[in-house]
Amino acid sequence: MIAASLAIPVPMRCSLVSSLALVVATASPLHSQLAGAGVWADSARREIAAAVAENSAARLEGTVAMLDRALATHPDDGLLLHYKGYAYYRLATLASSRGRERDAKASLEAAGDALGRSATALRLPETLALRSVVMGQQIGGNPFTAMRNGRRASSLMSQALEAGPTNPRV
């Protein structure tokens with residue numbers, strides 16, 4: 001055994017063996033098929049959080065591009081679609097804060113599309129709440145859509161609260 005031949009103490013040997021087993025297990029094609037979308041979603045979550053902390057539109061756009069690549073192999077994954085919608089929502093809020101209303105509107109539309117697809121594939125309370133917020137911002141940008149989207153936004157938020165009454169993200 002490599003660890004024994006290097007005179008590594010027993011507790012570290014166990015850790016090394018466990019780490020090597022984990023590397024081998026996660027490098028297998030079966031693992032990548034089963035956990036691939038989840039790994040991409042977790043990466044997207046971390047990238048979005050970092051981009052928001054940095055106020056970085058470029059990093060958010062990079063995250064959307066990464067999610068598009070992941071969605072090429074997992075096209076109907078609800079969690080990947082949720083994070084794509086969330087990234088676009090964050091792009092919209094950033095564009096709006098910088099006075100780029102045209103970019104904000106386009107990002108809100110893309111967010112709504114991704115979140116709609118996500119809600120069809122996976123009914124997360126967070127997705128329902130975020131769709132409601134996106135619709136509310138779209139109404140704010142174009143009050144003529146209030147009659148059509150106002151009730152729907154309210155209904156989505158009610159559904160989100162019902163599905164996740166103790167969820168802090170709702």
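Throughout, read-outs are computed from the coordinates displayed, never taken from laboratory work. Note that this is a predicted model, so its numbers are computed, not measured. In this analysis, Cβ positions are derived from the backbone assuming ideal geometry, glycine residues included, and neighbour counts consider all displayed protein chains.
The table for this structure:
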{"item": "Residues Arg152 and Arg102, FRET efficiency given R0 of 30 Å [Cβ-Cβ distance, rounded to 0.05]", "result": "0.80"}
{"item": "At R0 = 30 Å, FRET efficiency that the Cβ-Cβ distance of Leu161 and Ala58 yields, to 0.05", "result": "0.30"}
